[in-house]
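Comments concern the structure below.
The values are calculated or read from the model by the stated rules, or taken from the named source; none is laboratory data. Everything numeric here is computed off the predicted structure, so don't read it as measured data. Glycine also receives a Cβ, built like all others from the backbone with ideal geometry; neighbour counts cover every protein chain displayed.
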Amino acid sequence: MMGDPGLCVGVYVDAENLSRNGGERMQYRVLRNIACRENGQPIRLNTYIAFDDRRAENDRTYRESMLEYYSAVRDAGFKIIEKKVQHFIDPIGVERSKANADLDMAVDCLLQSEHLDRVVLGTGDGDFVQVVRALQNRGCRVEIIAFENVSGNLRREADHFLSGYLVPGLVSSAGKPWGQPGSHVRGVCYYYPSNGKEVGFFGHYGRQAGQFHNIHQVVTDSKGNVYTGEVDTGMRIQKFVPNMAPAK
């Protein structure tokens, strides 16, 4: 007997939006795995990438890095939809550039949604609120994966929002070394002890008490208690009291 083939999945990524908002060096293979979890079948994997022809003519490093980037994205099974950067002079005489992929991405996912059960949008742009509604009206479950500067309306409209920082390995650790303010590995580092030792830890992946599944928010109070809120099938809030022994 053949097993359940799982949901038909479509992933649509606004690469420019994510890279400008915390998702630089995102690992597409990890994105594909999280989007196609629970035996989901990848039907469409699209990413919309801006390419500056003028810069490529004069900047060999940029040209070669983009070709390397394209190769890595294709190796992960994604189709690249290239958006040419347009240069123009604004009314006050300042040169500006743009490469907006919103319309192409919206049209593609709507046209292709007939064959999809789950649509994952890699963007934090609030302009996609109406697209989310349209997809839901066509019977699709819509999930958002983004990092920073995510529209609140987009979060609320989606069936599920997942911070990219909470996905193991989605963002490369390349960049600022871990421990420096602004560095990130599954989160943003705000403090790290000067001796480099672990202060402590709690919880791990799972659905039981004290475990985590699809964390959406983490907050603390004045007494040092930690509250975690989970979404999707978790749908719960847990409270952790700071009584753990420090790591040695």
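Points worth noting:
- Cβ pairs under 8 Å, 6+ apart, first in the stretch 33-49 and in contact (Cβ under 8 Å) with a residue 12 or more places away in the chain and more than 21 Å from N17 (Cβ to Cβ), second part of a helix (DSSP H, G or I) and of a type in the set (S, T, N, Q): I43/Q112
- Residue within the stretch 82-99 that is closer than 21 Å to L170 by Cα and among the hydroxyl-bearing types (S, T, Y) present: no
- Test: residue in the stretch 130-138 that is under 26 Å from E24 (Cα atoms), at pLDDT 95 or above and among the aliphatic types (A, V, I, L, M): yes
- Residue that is assigned to a loop (DSSP other than H, G, I, E, B), farther than 25 Å from V129 by Cβ and at pLDDT below 90, where the choices are G77, G3, G22: G3
- The set of residues from the stretch 34-46 being of a type outside the set (G, A, S) and either under 13 Å from L7 (Cα atoms) or under 12 Å from the mean Cα position of the chain (by Cα) (or both) comprises I34, C36, R37, E38, N39, Q41, P42, I43, R44.
- Failed condition for C8, given (1) at pLDDT 90 or above; (2) surrounded by 16 or more Cβ atoms within 10 Å (Cβ to Cβ); (3) under 18 Å from K83 (Cβ atoms): (3)
- Count of the stretch 81-102 residues which are modelled with pLDDT of 80 or more and in a strand (DSSP E or B): 4
- Search result, residues across the stretch 107-124 that are outside any loop (DSSP other than H, G, I, E, B) and out of contact with any Asp or Glu (no Cβ under 8 Å at 6 or more places or on another chain): V107, D108, C109, L110, L111, Q112, S113, E114, H115
- Residue check for R63: in contact with a helix residue (DSSP H, G or I) (Cβ under 6 Å, 6 or more places away or on another chain), basic (K, R), farther than 17 Å from R118 by Cα and part of a helix (DSSP H, G or I): yes
- Selection status of D102, touching a Phe, Trp or Tyr at 6+ places or on another chain (Cβ under 9 Å) and among the acidic types (D, E): yes
- Filtering the stretch 222-248 to residues that are in a loop (DSSP other than H, G, I, E, B) and either over 16 Å from L162 (Cβ atoms) or at pLDDT 75 or above (or both) leaves S222, K223, G224, N225, V241, P242, N243, M244, A245, P246, A247, K248.
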